[in-house]
Amino acid sequence: MKIRKTKIEDIEKVLDLFNMARFYFKENNINQWQGEYPNEIDIIEDINSGISYVVVDDDIVATFVLSFEKDVNYDVLVEGKWLNENPYGVLHRIAVKDNLKGKGIGSFIFNESKNICLENNVFDIRVDTHDDNESMKKLILKNNFVYCGITTVQDGSLRNIYQLSFWVLIW
């Protein structure tokens, strides 16, 4: 498995991943991605911004966004506190092919994101998810993120927020 930046020609496969996730969420009563978001315009903007990635294992098996832009949704918390105010990478829009869920691809994404952060001299990652997305919450905690509280996002809904803070010793 490897990751690479998403290309324009990947849009249909990324949309398929989002549609699989939409269906999974609906079937599991998770009120996430049940509208138009994320859509082709979001993917194109992410590609053009250089923040969209795909996981490839013969074919595209997952997608995610890793941005180093400050996320305004993280400025004011409804409850809780961030571990620190260091510069951070933020993970969004993680989607894994249905038949490969539970096979370690989510942890692979977290590990590769950490490597990308290190390459950019960033030592913190933030992520959020819906409270009812139990599988994502388990994945986040399994990968050593710390629950930090709750924030409100642009549509007014609440998200659980998590942070991973790591340091590298250079010998």
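The values are calculated or read from the model by the stated rules, or taken from the named source; none is laboratory data. Just so we're clear, the structure is a prediction, and the values are computed from it rather than from any experiment. We place every Cβ from the backbone using ideal geometry, glycine too, and count neighbours over all the protein chains shown. Only protein heavy atoms, including side chains, enter the accessible area calculation; ligands, DNA and RNA are left aside. Shrake-Rupley method; radii C 1.70, N 1.55, O 1.52, S 1.80 Å.
At a 1.4 Å probe, what is the % contribution of carbon and sulfur to the accessible area of segment 60-171?
53 percent
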Item to check | Computed over segment 95-171, Kirkwood Rh from alpha-carbon pairs, angstrom | outcome: 13.7 Å
Checklist outcome for this item: Computed about the Cα centre, the charge dipole of the chain from +1 Lys/Arg and -1 Asp/Glu charges at the Cβ has a magnitude in debye, to the nearest 20, of 600 debye
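What length, rounded to one decimal in nm, is gained on full extension from Tyr37 through to Asn99, with 0.36 nm per residue of separation minus their alpha-carbon distance?
The span from Tyr37 to Asn99 would gain 20.1 nm if fully extended.
Mind checking the full-extension length gain between Asp16 and Asn28? Use 0.36 nm per residue of separation minus the Cα-Cα distance, one decimal, nm. Each step should come with its number before you reach the end.
Details: separation 12, 0.36 × 12 = 4.32 nm, distance 1.83 nm.
Between Asp16 and Asn28, full extension yields an extra 2.5 nm.
In Å³ and rounded to a whole number, note down the convex hull volume per residue for the Cα atoms of segment 1-126.
128 Å³
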Checklist entry - For segment 1-151, what is the relative contact order in percent, using Cα pairs closer than 8 Å and at least 6 residues apart in sequence? => result 25 percent
Checklist entry - Per residue, what volume in Å³ does the Cα convex hull of segment 28-74 take up? => result 132 Å³
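Only Cα pairs under 8 Å and at least 6 apart count here; give the relative contact order of segment 109-164 as a rounded whole percent.
Numbers: 64 pairs, mean separation 20.1, N = 56.
With pairs under 8 Å counted, the relative contact order is 36 percent.
Mean 1/r over all different Cα pairs, inverted: what Kirkwood radius does segment 58-130 give, in Å? Before the final figure, lay out the partial values.
On the way: mean 1/r = 0.0735 Å⁻¹.
Evaluated on segment 58-130, it is 13.6 Å.
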Checklist outcome for this item: Simple SL model, points at 7 angstrom along Cα→Cβ for Val146 and Asp131; separation in nm is 2.3 nm
Checklist entry - So how exposed is Lys70, as accessible area in Å² (1.4 Å probe, rounded to 10)? => result 140 Å²
Item to check | Listed residue (Asn120, Gln154, Gly35) projecting farthest to the positive dipole end of the chain, Cβ model | outcome: Asn120
Checklist entry - Which of the helices in the chain meet the span-like rule: DSSP H, Cα axial reach of 15 Å or more, Kyte-Doolittle mean at least -1.0? => result 11-27, 105-119
Checklist entry - Considering only protein heavy atoms, what is the solvent-accessible area of Asp75 at a probe of 1.4 Å, reported in Å² to the nearest 10? => result 80 Å²
